[in-house]
Amino acid sequence: MAEHVLEMKNVTMQFGGVVAVNNLSLEVNKGEIVSLIGPNGAGKTTAFNVVTGVYAPTNGAVYFNGNHIVENYPRGKMKKLYAGTNRGDYTKHIEPTPDVITKLGIARTFQNIRLWKSQTVFTNVLIAKHMRRTSNIFTATFRLNRKEEKKQREETAELLKILGLYDVKDELCTSLPYGLQRRLEIARALATNPSLLLLDEPAAGMNPQETAELTDFIRKIRDDFHLTVFMIEHHMDLVMDISDRIYVLNFGALIAKGTPEEIQNNPEVISAYLGESNDVR
Amino acid sequence: MENKLTFIKEKKYQLVAWAFLAALFIAIAVLEAVVPPTSILFTVLKKGAIYALVAVSMNLLNGFTGLFSLGQAGFMLLGAYTYAIFTIPLSAREQVYQYFNGGAIHFTLPVFVALILAGLVAALFAYLIGLPVLHLKSDYLAIATLGFAEIIRAIFQWDKLGVITNGSNLLRKYPVFRSTLFYFTVSGICIALILLLINSTYGRAFKAIRDDEVAAEAMGINLARHKQLSFTISSFFAGISGALLAMFQTTIQASQFKSAMTYEILLIVVIGGIGSVTGSCIASFLFIACSEWWLRFLDNANLNITPIQILRPGFRKVVFSVVIMLIVLFYQKGIMGEHEFSVAGIIKKLKGCKKAFRDLKLKFKKEGLEE
């Protein structure tokens with residue numbers, strides 16, 4: 001188990017009567033780039049939200065580097081409503097808030113860009129350093145943490161240089177072109193010193209040129225920062241090019257997993273994406 | 001090299017800002033020596049300084065952390081009462097608590113200890129109230145805090161607690177400061193502390209929560225803790241300003257801390273610019289000066305300048321409302337918006353003016369040549 005950076009076990013997420021993610025189990029190994037794909041509404045982002053603590057799963061568990069970080073079982077009104085499987089396998093209730101999970105080393109980006117709009121590029125990244133502070137509110141207010149503040153600023157500047165955002169560091173983040181805003185979101189996630197990076201549709205809205213650049217960029221940060229990358233993506237060129245392994249979700253359930261070649265030739269995946277036709281049968 | 005230059009420039013601007021502040025304090029000292037102390041000018045300056053502090057504290061919460069709270073009057077009341085109750089001299093207690101046998105508290109605290117205690121009591125209550133209400137969003141939080149302020153006011157007027165709060169009667173005879181400089185100093189120190197906080201790593205985290213809560217939490221900022229911090233600190237300073245208000249008025253009564261007071265403060269924050277500390281300060285003095293001083297002549301029924309007699313007591317409020325509407329119409333983000341009043345900003349503006357002027361001159365010259 002220890003070689004898995006992330007492991008989701010029998011995760012079911014149910015909203016009222018709707019089962020958004022059904023009995024999802026997957027593993028992400030150290031240093032891999034793994035993609036989660038599926039048609040719209042398949043439950044990909046919900047799966048991300050379970051890992052990052054935005055939602056507590058209705059049933060199931062999540063492990064990070066072998067540590068048990070999330071577990072839940074049907075409780076309260078879900079006791080009656082629960083429509084998934086594996087009822088009774090999980091008995092603990094561990095439900096950390098997203099900031100706790102980020103501190104453990106899982107950072108994420110968002111499907112729709114969520115930068116702090118009134119802040120510059122530099123402060124956007126600098127704020128992400130806040131959680132690694134050692135100062136308390138008094139030492140910070142009375143400027144007794146100069147050393148730490150300086151270190152934070154230097155680290156931020158360095159990170160921006162590596163990611164090619166240093167030239168625009170004093171611009172308001174909303175004034176950046178779309179591609180750079182996406183890149184800034186990744187920079188902000190990297191500022192939290194993660195070991196696992198979750199990217200939610202990093203290429204959404206990008207043209208082919210930008211997508212190609214992004215492919216190289218993701219590989220580069222994986223190598224430079226010794227990351228494991230787990231991402232949701234719709235651009236098949238990008239997914240097939242970059243992924244070591246792919247998981248496919250449809251209607252909340254896992255329908256296929258494997259290498260890009262295996263997925264490309266999997267009839268179930270093809271039918272999920274294109275609909276079934278009589279010819280295939 | 002470039003870094004060093006900007007650094008020196010910033011130092012220079014800082015010096016100018018300090019000089020500006022020093023000049024302000026000297027000006028007030030001189031005014032106090034020259035102008036008779038009964039002048040309305042000092043009323044405006046004192047009240048302005050007090051309202052500036054509470055407006056900035058509200059701005060910390062509403063403008064910088066994005067928590068829409070309307071409990072400010074309640075926290076001011078806590079501060080004002082804490083200060084008054086613990087500083088009324090023993091000899092005067094029999095007189096003040098005449099309906100409650102001299103009250104239940106038989107000791108006094110030094111003035112500055114009581115002043116800090118005023119803030120701490122407000123902060124303690126804020127902490128306790130924050131536990132259940134701070135996870136509420138926008139309007140709901142506003143309603144919950146407004147409700148709290150009203151409840152506090154009602155409790156302080158309750159005669160069963162009269163041995164401590166003197167029921168709905170006045171609290172008076174506690175030590176007060178008459179000097180305008182005192183109010184400016186205390187309020188200035190508190191605002192400086194809030195400014196330091198806003199520009200620290202915690203202040204940046206507050207702004208992140210304001211801009212996008214979901215992203216802030218995903219980037220490792222503990223929402224509950226940071227909201228609680230901002231709420232408690234804001235209330236601490238509201239408590240201090242309440243104590244200052246008690247000193248300024250020399251008597252205090254719970255019934256005056258109505259929700260209308262919170263709206264006045266909110267108005268100052270909005271007019272000054274949500275998210276601008278200097279905006280709140282400037283708006284506070286303008287607001288107090290307008291409502292207490294500059295528009296006073298409109299209440300004077302003997303001063304007939306129009307054919308129909310529209311000048312009568314209360315007319316100033318009508319004009320005042322119109323002025324506020326005009327400000328909100330033309331400065332939709334407040335006087336300062338989200339910007340701060342700074343030396344560097346003014347110099348930049350002046351340079352811009354100079355350049356525009358030079359361009360204009362060049363244009364005229366060209367046109368002259370062409371002719």
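The values are calculated or read from the model by the stated rules, or taken from the named source; none is laboratory data. What you are looking at is a predicted structure, and each value in this text was computed from that prediction instead of being measured. Don't worry about glycine lacking a Cβ; one is built from the backbone with ideal geometry, like all the others, and counts go over all protein chains shown.
Which fully enclosed helices (runs of 4 or more DSSP H) of the range B:14-122 have 1 or more residues being among the charged types (D, E, K, R) and more than 20 Å from B:Gly162 (Cβ to Cβ)? Before the answer, list the steps.
Values: elements: B:40-59, B:72-87, B:90-96.
Here the list reads B:40-59.
Going residue by residue through the range B:10-33, is there one that turns out to be of a type in the set (Lys, Arg) and surrounded by fewer than 18 Cβ atoms within 10 Å (Cβ to Cβ)? Explain how you work it out, then say what you get.
Let us first name the residues in the range B:10-33 that are of a type in the set (Lys, Arg), namely B:11-12.
Retained after the next criterion (residues that are surrounded by fewer than 18 Cβ atoms within 10 Å (Cβ to Cβ)): B:11-12.
So far as the range B:10-33 goes, yes, one or more of its residues are of a type in the set (Lys, Arg) and surrounded by fewer than 18 Cβ atoms within 10 Å (Cβ to Cβ).
What single numbered condition from (1) among the aliphatic types (A, V, I, L, M); (2) buried (at least 21 other Cβ atoms within 10 Å of the Cβ); (3) assigned to a helix (DSSP H, G or I); (4) more than 10 Å from chain B (Cβ to nearest Cβ) fails to hold for A:Ala212?
Looking at each condition in turn, A:Ala212 falls short on (2).
Hey, does the range B:47-65 have a residue that's more than 16 Å from the chain's Cα centre (by Cα) and in the same structural domain as B:Ile194 (by TED's automatic domain parsing)? Give the derivation first.
Filtering the range B:47-65 for residues more than 16 Å from the chain's Cα centre (by Cα) gives B:65.
This time we only want the ones that are in the same structural domain as B:Ile194 (by TED's automatic domain parsing), so: B:65.
Yes, some residue in the range B:47-65 is more than 16 Å from the chain's Cα centre (by Cα) and in the same structural domain as B:Ile194 (by TED's automatic domain parsing).
Consider A:Val34 carefully, then state whether it is surrounded by 23 or more Cβ atoms within 10 Å (Cβ to Cβ) and of a type in the set (A, V, I, L, M, F, W, C). Step through it out loud before you land on a result.
Values: surrounded by 23 or more Cβ atoms within 10 Å (Cβ to Cβ): no; of a type in the set (A, V, I, L, M, F, W, C): yes.
It is false that A:Val34 is surrounded by 23 or more Cβ atoms within 10 Å (Cβ to Cβ) and of a type in the set (A, V, I, L, M, F, W, C).
Under the condition of being of a type in the set (A, V, I, L, M), closer than 24 Å to B:Lys227 by Cβ and surrounded by fewer than 17 Cβ atoms within 10 Å (Cβ to Cβ), which residue from the range A:66-101 is modelled with the highest pLDDT?
A:Val100
Restricting the search to the range B:149-206, which residues are within 14 Å of chain A (Cβ to nearest Cβ) and not in a helix (DSSP H, G or I)?
In the first step, residues of the range B:149-206 are kept if they are within 14 Å of chain A (Cβ to nearest Cβ); the result is B:189-206.
Those that are within 14 Å of chain A (Cβ to nearest Cβ) and not in a helix (DSSP H, G or I): B:Asn199, B:Ser200.
Tell me which residues, restricted to the range A:40-99, are more than 18 Å from A:Val28 (Cα to Cα) and aromatic (Phe, Trp, Tyr).
A:Tyr55, A:Tyr73, A:Tyr82, A:Tyr90
Please verify whether the range B:220-236 includes one or more residues that are under 22 Å from B:Ile164 (Cβ atoms), modelled with pLDDT of 95 or more and more than 7 Å from chain A (Cβ to nearest Cβ). Working first, answer last.
The first filter runs over the range B:220-236 and keeps only residues under 22 Å from B:Ile164 (Cβ atoms), leaving B:235-236.
Checking the rest, the ones that are also modelled with pLDDT of 95 or more come to B:235-236.
Then drop every residue that is not more than 7 Å from chain A (Cβ to nearest Cβ), which leaves B:235-236.
Yes: the range B:220-236 contains one or more residues that are under 22 Å from B:Ile164 (Cβ atoms), modelled with pLDDT of 95 or more and more than 7 Å from chain A (Cβ to nearest Cβ).
Yes or no, residue by residue, for (1) without any contact (Cβ under 8 Å) to a residue 24 or more places away in the chain; (2) under 22 Å from A:Val51 (Cβ atoms); (3) more than 21 Å from the chain's Cα centre (by Cα):
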| position | (1), (2), (3) |
| --- | --- |
| A:Thr139 | yes, no, yes |
| A:Arg183 | no, no, no |
| A:Thr192 | no, yes, no |
| A:Leu197 | no, yes, no |
| A:Phe217 | no, no, no |
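In the range A:111-150, how many residues are within 30 Å of A:Glu71 (Cβ to Cβ), more than 7 Å from every other protein chain (Cβ to nearest Cβ) and of a type in the set (A, V, I, L, M, F, W, C)?
Residues that pass the stated criteria total 0.
If we keep just the residues of the range A:151-181 that are more than 12 Å from chain B (Cβ to nearest Cβ) and without any contact (Cβ under 8 Å) to a residue 12 or more places away in the chain, which is surrounded by the most Cβ atoms within 10 Å (Cβ to Cβ)? Steps first, answer last, please.
Step one: list which residues in the range A:151-181 are more than 12 Å from chain B (Cβ to nearest Cβ), which gives A:154-155, A:158-169, A:171, A:175-181.
The next check asks that each one be without any contact (Cβ under 8 Å) to a residue 12 or more places away in the chain; those that pass are A:154, A:158, A:161, A:166-167, A:175, A:177.
Working: A:Glu154: 10, A:Glu158: 11, A:Lys161: 12, A:Tyr166: 15, A:Asp167: 10, A:Ser175: 11, A:Pro177: 10.
Out of the qualifying residues, it is A:Tyr166.
Hey, any hits in the range B:282-302 for a residue that's away from chain A (no Cβ under 14 Å), out of contact with any Pro (no Cβ under 7 Å at 6 or more places or on another chain), closer than 15 Å to B:Gln332 by Cα and outside any loop (DSSP other than H, G, I, E, B)?
So far as the range B:282-302 goes, yes, one or more of its residues are away from chain A (no Cβ under 14 Å), out of contact with any Pro (no Cβ under 7 Å at 6 or more places or on another chain), closer than 15 Å to B:Gln332 by Cα and outside any loop (DSSP other than H, G, I, E, B).
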